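What follows is a short report on a single structure.
The values are calculated or read from the model by the stated rules, or taken from the named source; none is laboratory data. Note that this is a predicted model, so its numbers are computed, not measured. Note that we place each Cβ from the backbone using ideal geometry, even for glycine, and neighbour counts take in every protein chain shown. Just the protein is used for accessible areas: all its heavy atoms, side chains included, with ligands, DNA and RNA removed. Shrake-Rupley method; radii C 1.70, N 1.55, O 1.52, S 1.80 Å.
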Amino acid sequence: MGNRFICMTKKDGRENASKSKRMAGGRSQRKMQAEEELLHRQALSMAIHQHQLSQRFEGSTSRRIGGSTSSRRRNLPNDIDPFSNAKQLPDFLENLKTKRIVLIHGEGFGAWCWYKTIALLEESGLVPTALDLTGSGIDLTDTNRVTTLEDYSKPLIEFLQNLPEDEKVILVGHSSGGACISYTLEHFSKKISKAVFLCATMVSDGQRPFNVFAEELGSSELFMQESKFLIYGNGKDNSPTGFMFEKQQLKGLYFNQSPAKDVALAMVSMRPIPLGPIMEKLSLSPENYGTGRRFFIQTLDDHALSPDVQEKLVRENPPEGVFKIKGSDHCPFFSKPQSLHKVLLEIAQIP
């Protein structure tokens, strides 16, 4: 029969090489798509699990208090468990006056975003509560119908109204959730032991929460006129009712340091942001808001609310204490959960 030889021209070689590259590229793309689909399935499973546990999270709250103008600044570079020594825990709990910590999410998020923080605080013997604000998380309210800060904060307001008279809470508010803290601090100052602003909109009397983000945008008016992210729930002829960033925009702004699984969870769980509440001017009095104790946590690798803007908030409206988390994006409950846990425990212990 003899040997069989295959003669291949240069053209045939180039075509086969090109075909091989296309096949390899197709396999690589399919692999990436499969991995992304797996992440989203895991995230969806986690979101469903959080939904099932939602009765444990009585809701998501955040709060802030105005107080002393002295400022302590601390850098927390590492994710360290401050209670690795089991002997410390009983003394810590025994001397702590306020053990309930209420967690309030920021724009687009829900109680689900605190799942790591809740687990860590519970392990430390504290009592965390995370609330869904109106139109957020698993609350079914149409976000286009949420027009005031009072409407948006209703779950938090009801939570504070139902607290026993002799009980106080520590409020923690993330991002625009700081506005809800300010609002409830003005109306329920006696129910709030400390208010913690986590890279949040800590504004002064007469300011709008949106003013803080306008520092990053350059011009709030320009954003309102030209933004492609705006939602017109009542038709284009009426004022916008909300906004929602695209996925790639969200990843760059909020999750530049967060784990892929948490980003995937956020992508399937985040909801449109009602515009009315953050466009509302806050009325804050020295008698109510001004008598509280405020603390601010800065995130030093934040692309949504830059360290410079956060520093300006602290400078213009000084809190009692300032803490800094290195290597954290706008969502330290994802990117630096242990460091956030450590800061919250430290603030809880401040006399």
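For this structure, a couple of remarks:
- Filtered by the rule that a residue be out of contact with any Phe, Trp or Tyr (no Cβ under 7 Å at 6 or more places or on another chain), surrounded by fewer than 24 Cβ atoms within 10 Å (Cβ to Cβ) and in contact (Cβ under 8 Å) with a residue 40 or more places away in the chain, the range 146-188 gives THR147, THR148, ASP151, PRO155, PHE159, GLU167, LYS168, VAL169, HIS187.
- Qualifying residue in the range 199-220 (condition: of a type in the set (Lys, Arg) and modelled with pLDDT of 90 or more): yes
- All positions within the range 159-177 that are in contact with a helix residue (DSSP H, G or I) (Cβ under 7 Å, 6 or more places away or on another chain) and within 27 Å of SER335 (Cβ to Cβ): VAL169, ILE170, LEU171, VAL172, GLY173, SER176
- In this structure, THR201 qualifies as open to solvent by less than 10 Å² (accessible area, probe 1.4 Å), assigned to a loop (DSSP other than H, G, I, E, B) and on the phi < 0 side of the Ramachandran plot.
- When residues of the range 120-145 are limited to those that are under 20 Å from ARG208 (Cα atoms) and more than 19 Å from the chain's Cα centre (by Cα), the one surrounded by the fewest Cβ atoms within 10 Å (Cβ to Cβ): ARG145
- Residue-level check: of (1) at pLDDT 95 or above; (2) within 15 Å of TYR289 (Cα to Cα); (3) not in a strand (DSSP E or B), LEU156 misses just (2).
- Scan of the range 291-307 for residues that are at pLDDT 95 or above and out of contact with any Leu (no Cβ under 6 Å at 6 or more places or on another chain), ordered by number: ARG293, ARG294, PHE295, PHE296, GLN298, THR299, LEU300, ASP301, ASP302
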